[in-house]
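Novice: So that we are looking at the same thing, I have put the structure below in structure tokens.
Every number in this text was worked out from the coordinates using simple rules, so none of it is lab data. Computed from a predicted model, the values in this text were never measured in an experiment. FYI the Cβ positions are ideal-geometry reconstructions off the backbone, even for glycines, and counts take in every protein chain you see.
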Amino acid sequence: MPPKFIRPFFWFNDFKKIDLQRDKNRIILNLLNFGTKRTTDWLFAYYPKSEIKKTIINYGARGGLNPKSLNYWRLVLNIDPQKLVRSRL
């Protein structure tokens, strides 16, 4: 079960049903979009940086992150903008 302090960032889900592995992309995207320093610190401690980067590359530019968050995390994690998957499926 996820830590209770990330609950405010999942107002549209039944928090008790969130699974840290099954829902990892949604967890990563929500916390990168809306999270606080505490929640992003937890995120980077819990998930490998490579997994976070993969989620940004695959979903960030397809509506998973708002443009400002996408640009910020892309710069922080040194992600080449050419690698971002931009088309929506």
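Novice: What do you reckon, is SER69 surrounded by fewer than 11 Cβ atoms within 10 Å (Cβ to Cβ), small (Gly, Ala, Ser) and in a helix (DSSP H, G or I)?
Specialist: no
Novice: Report whether or not GLY60 is buried (at least 18 other Cβ atoms within 10 Å of the Cβ), in a loop (DSSP other than H, G, I, E, B) and in contact (Cβ under 8 Å) with a residue 24 or more places away in the chain.
Specialist: No; evaluated as a whole, the condition is false for this residue.
Novice: Sticking with this structure for a sec: Taking the stretch 17-31 only, how many residues are of a type in the set (Val, Ile, Thr) and more than 17 Å from LEU70 (Cα to Cα)?
Specialist: Residues meeting the conditions: 1.
Novice: Further, regarding this structure: What pairs come out if I take residues in the stretch 72-87 that are surrounded by 11 or more Cβ atoms within 10 Å (Cβ to Cβ) and pair them with residues that are outside any helix (DSSP H, G or I) and among the hydrophobic types (A, V, I, L, M, F, W, C) whose C-beta lies under 8 Å away, six or more apart or interchain?
Specialist: TRP73/LEU65; TRP73/ILE79; ARG74/LEU84
Novice: Name every residue in the stretch 72-89 that is in a helix (DSSP H, G or I), under 29 Å from MET1 (Cβ atoms) and more than 12 Å from the chain's Cα centre (by Cα), in order of residue number.
Specialist: Correct list: TYR72, VAL76.
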